[in-house]
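Quick notes on the structure that follows.
The values are calculated or read from the model by the stated rules, or taken from the named source; none is laboratory data. Keep in mind that this is a model prediction, so the values were computed, not measured. A quick note on method: Cβ atoms are made from the backbone with ideal geometry, for glycine too, and the neighbour counts reach across all protein chains shown. Keep in mind that these areas ignore ligands, DNA and RNA; they rest on the heavy atoms of the full protein, side chains included. Shrake-Rupley method; radii C 1.70, N 1.55, O 1.52, S 1.80 Å.
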Amino acid sequence: MSLLKNPRLNGVLLDISGVLKDGGRAIPGSIEAVRKLREAGLTIRLVTNETQITRRSLTSSLLDLGYSVQERDIIPPCPALISILQREKLRPHLLVHPDVLPEFDGIDQSNPNCVVVGDAGESFTYERLNEAFRILINLEKPRLFSLGRGRYYSDNEDLMLDVGVFTTALEYAADVRAEIIGKPQPEFFRSALIDMGIEPEEAVMVGDDLVSDVGGAQNCGLTGVLVRTGKYRPSDENHPSVHPDAIVDDLAHAANLILQSKK
């Protein structure tokens, strides 16, 4: 699907890290781009695999940067995972960032029967990984949940290992297949579309992660736009299987392309 030939676009999904911000700074032109998209009547949701802070804290940080955003606009993986834990009466061992622990208040964590891995940052120590491994290897029916599958992300223009690297290590060691909650899983994108009240062909995803953002969205029928900010690398433009509908310099250029497609 060509973005320039799709006047039916009614919704825009935006990644946060690498599209709206890089570390603690707003990416130039992105604040104005979000404003223009909203003024054009487009429904916007911020879909993120961010699991180092709560949704409330993330909302606050975006407001501090100058974005006009409400907590309900942000769709992270934690709420979906918590619904699964409650529905299936699972008791998780949490290998997550300390700042996101409040999301799991009220969830029974005694005698764990599953492991949850998020972007734990500096808390990804050998001791904590080994503890998670021991729990998995001793379970009769081990279950491993991962809040995303990213390889790396950009933080103030420095590349940082992401949760997918540590998830893969646990999968290999414990001989278990992780259940991914977040991008690029189809259920994650579908939940965002349901929340927006639109169909896949009416939506465009703008991200800096070629596989998780663009490829994941395209697999669900959305238009996928790659920005040359954040974790983008020139080699992304020659990927053997994921081919963005458009590649632009930043969100400002993506917004102009989206608005042109509606004329």
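Backbone amide hydrogens, once placed in the peptide plane, bring G150 within less than 5 Å of V163, G164, excluding anything fewer than 5 places away on its chain.
Only Lys, Arg, Asp and Glu count, each charged at its Cβ (+1, +1, -1, -1), so figure out the dipole size of the stretch 18-103 about its Cα centre, rounded to 20 debye. Charge dipole, the stretch 18-103, about its Cα centre: 220 debye, nearest 20.
The calculated 222 nm mean residue ellipticity attributable to helices in the chain amounts to -9000 deg cm²/dmol, summing -39500 (n - 2.57) over DSSP H runs of n ≥ 4 and dividing by all residues. Heavy atoms of the protein chains alone define the surface here; on that basis the chain has 46 Å² accessible area per residue at 1.4 Å probe size. In the stretch 63-203, the alpha-carbon atoms span a convex hull of 149 Å³ per residue. Taking a sphere under 13 Å around the Cβ of E88 and counting the other residues whose Cβ falls inside, with K and R at +1 and D and E at -1, yields a net charge of +3. Pairwise Cα separations in the chain fall into 5 Å bins from 0 onward with the following percentages, short to long: 1, 6, 14, 18, 19, 16, 12, 8, 5, 2, 1, 0.
Straight-line cross-link reach from K262 at under 21 Å between alpha-carbon atoms covers these lysines, not counting any fewer than eight positions away in the same chain: K5, K36. Measuring spread by the Cα atoms of the stretch 200-263 yields a radius of gyration and Dmax of 11.0, 33 Å. The phi torsions of the stretch 141-148, fed into the Karplus equation with coefficients 6.51, -1.76 and 1.60 and a -60° offset, translate into couplings of 10, x, 10, 10, 10, 10, 8, x Hz, rounded to whole numbers, with Gly and Pro shown as x.
Put a plus charge on the Cβ of each Lys and Arg, a minus charge on the Cβ of each Asp and Glu, and nothing anywhere else: the dipole of the chain about its Cα centre is then about 620 debye. For the stretch 120-204, the carbon plus sulfur part of the accessible surface works out to 50%, probe radius 1.4 Å.
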